[in-house]
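No value in this document is a laboratory result; all are computed from the given coordinates. Fair warning: this is a prediction, and the values are worked out from it, not measured in the lab. Cβ: placed from backbone, ideal geometry, glycine included. Neighbour counts: every protein chain shown.
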Amino acid sequence: MSGVWVFAEQRNNKFRKVIFEMLGEGRKIADHLGEKLSAVLMGTDAGDLIDVLAANGAEAIIVVKDENLVQYTTDAYAKVLAKLIREQNPSVVLFANSAIGVDLAPVVAEKLGAGLVSDVVEVSYENPLVFRRPIYAGKAFTRVSFVDGPIMITMRPKVFAAPDPKQGCQAQVVRRDGDLKPADIRQIVKDILRRVSERVELTEADIVVSGGRGMKGKENYQMLEELAGLLGGAVGASRAAVDEGWYEPQYQVGQTGKVVNPSLYIACGISGAIQHLAGMRSSKCIVAINKDPEAEIFKIADYGIVNDLFKVVPAMTEEFRKLLAEV
Amino acid sequence: MQIVVLVKETFDTEAKITLNNNNQIESRGINLVVDPYSEFAVEEALRIKERLGGGKVVVLCAGPESAVTALRHCFAMGADEGYLISDPALTKGDQTTTAKVLAKALDKIPFDLILGGYKSVDNATAQVCQRVSEILGIPEVSVVTKIELEGHKAVVNREIDDGFEIIEVALPAIFSAQQGLAEPRYPTMKGIMQAKKKPLQTWNLADIGLSADEVGSSGAKVKVISYELPPTRIAGKIIEGETAEAARKIVHLLRHEAKVI
């Protein structure tokens, strides 16, 4: 076994930020093992994508262009990737802990009879490598290692550092056929409903503005959306708010729901139930706005404002607007 | 239609996690419940059965003897029968061994559709349904928020990073539940009474044709080295002042002290 592979998932010929973070950590793993860093690109052979992988440290790029790989399906991607891994025997395969990675990696691992450690947030450079991952949505962590290879992990977005891209780097490009027939694919994608929102995705956002029971109603989220929009962030909600039907379940932050780790988390009218704290406690800076001075959220917040959120949020939005106009 | 739901028992999400003297997760004094994601799957199975006006909902769990309580809770919600795979050799397994055990049990339990949680609220590895699909050779769709059956096929919504995919697959298939699929019902008193009489079978490894060296720590590909708790966060500053003043102060602090804006 030799080689560290980054599975460079793309949608519509675009990479998410986590792909660069994987290349950054992938480089460290490759250097630690004294092996080569490669990227696997499926469904496209777009030159700009190949260039950007090379610029971010991939020494070789395996490109599989096949009309059956343009749209992600579990069966097509798993079949092709498992075959490549069997043939070339990499020692490490890195996936993003994204919609594609979460779906694909376990199927590929099972095809290979391999273990998989998901949602990794830290790599310890020991022999063998040790991976740290949250359990109970971050209420605790566990450190795990592999009994045998290949090592396969999914990596949480926004925790690993992306490399500084070096333009003009050349990578060896290896082109492979997918060798797929439509009959290989049992998942038929009928349609894709993309959110029209220009806003950044919740789990990739650097700033999250979140509302809880104190929001009092669906219509009041407009206020949080305005603030998040101004700051280039995303809007989240507590379980209480989702249970009330004020906000869609896919934006719920907590032990059930999404775990976020933005630079700034602004909690509006959120009491701070333990199940919510699990989903946001790793945020770099937490601001809490709540009328109740006894709210649990203040015990973990870096900054607290004990006041009516309906007064504070518009006033803060105004102040941020002024600040951002200055630069 | 027979729907098998993979169920996990776990800590109540209200539980505070601590480590015991051996640096393992302390489970004493913690209320055990059906994992919320398993519960979404059970609820959806019951709703499918109700929509079809017939069929059977079977719950399947690999876990300790205590998981009988979780299965009885599913019965009280309306599930018809259950199987618990319990064996001392299952401890310290990983997702490869859990999937192996469930898939072996599914060789003995007929199914037209399998549902499970896409992850659990404890280890949240989000692997087991996909691995079971691969072993059984049936298609899977993960992170599902809607299921519509049309004869021998299903059309499901799968949550992706920026929206949803609408995917059609032929049955039998396995779908893993995301929050939003179906809000679980509370058991009724009648349901709780009936739950006591519903058939619950406990199988050990020999019953499903596996040996101890294939499962648990002997079969696992990954092993846990240690557990740790996150660094504690401490309460920071309370920003005093009238609304406009507090807003000015907080924005100033976020830029100049926390440097996050």
Inset, instruction - Take the stretch A:42-53 and flag every residue that is buried (at least 22 other Cβ atoms within 10 Å of the Cβ) and among the small types (Gly, Ala, Ser). - result: A:Gly43
Legend entry - Which numbered condition B:Thr98 misses (of (1) free of Cβ contacts under 8 Å to residues at least 60 places away in the same chain; (2) at the interface with another protein chain (Cβ under 8 Å from one of its Cβ atoms); (3) within 20 Å of the chain's Cα centre (by Cα)): (2)
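Given the options A:Leu112, A:Leu180, name the one that is within 23 Å of A:Ser38 (Cβ to Cβ), more than 7 Å from chain B (Cβ to nearest Cβ) and touching a strand residue (DSSP E or B) at 6+ places or on another chain (Cβ under 9 Å). Outline the logic, then answer.
Details: A:Leu180 fails: touching a strand residue (DSSP E or B) at 6+ places or on another chain (Cβ under 9 Å).
Only one candidate passes the filter, namely A:Leu112.
Look at A:Leu277 and say whether it is surrounded by fewer than 22 Cβ atoms within 10 Å (Cβ to Cβ), of a type outside the set (Ser, Thr, Tyr) and not in a strand (DSSP E or B).
No.
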Inset, instruction - Would you check if there is a residue in the stretch A:306-318 being assigned to a loop (DSSP other than H, G, I, E, B), over 19 Å from A:Glu225 (Cα atoms), out of contact with any helix residue (DSSP H, G or I) (no Cβ under 7 Å at 6 or more places or on another chain) and aliphatic (A, V, I, L, M)? - result: no
Inset, instruction - Find all pairs meeting these conditions: Cβ atoms under 8 angstrom apart; at least six residues apart or on different chains; first residue within the stretch B:243-260 and facing another protein chain (nearest Cβ under 7 Å); second residue of a type in the set (Gly, Ala, Ser). - result: B:Thr243/A:Ala315; B:Ala244/A:Ala315; B:Ala246/A:Ala315; B:Ala247/A:Ala315; B:Val260/A:Ser263
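Considering every residue within the stretch A:76-87, establish whether at least one is more than 10 Å from chain B (Cβ to nearest Cβ), small (Gly, Ala, Ser) and farther than 23 Å from B:Pro36 by Cβ. Give the derivation first.
Going residue by residue through the stretch A:76-87, those that are more than 10 Å from chain B (Cβ to nearest Cβ) are A:76-77, A:79-81, A:83-87.
With small (Gly, Ala, Ser) added as a condition, the list becomes A:76.
Next cut, farther than 23 Å from B:Pro36 by Cβ only: A:76.
Checking the stretch A:76-87: at least one residue is more than 10 Å from chain B (Cβ to nearest Cβ), small (Gly, Ala, Ser) and farther than 23 Å from B:Pro36 by Cβ.
Report those strands (runs of 3 or more DSSP E) wholly inside the stretch B:122-218 carrying at least 3 residues which are in contact with a strand residue (DSSP E or B) (Cβ under 7 Å, 6 or more places away or on another chain), within 12 Å of chain A (Cβ to nearest Cβ) and under 30 Å from A:Tyr136 (Cα atoms).
Values: elements: B:140-150, B:153-160, B:163-170, B:173-177, B:200-203.
Passing ranges, in order: B:140-150, B:153-160, B:163-170, B:173-177.
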Legend entry - Members of the stretch A:55-78 that are assigned to a helix (DSSP H, G or I) and buried (at least 22 other Cβ atoms within 10 Å of the Cβ): A:Thr74, A:Ala76, A:Tyr77, A:Ala78
Inset, instruction - Give just the number: which of (1) over 17 Å from the mean Cα position of the chain (by Cα); (2) of a type outside the set (D, E, K, R); (3) more than 14 Å from chain B (Cβ to nearest Cβ) does A:Ala8 not satisfy? - result: (1)
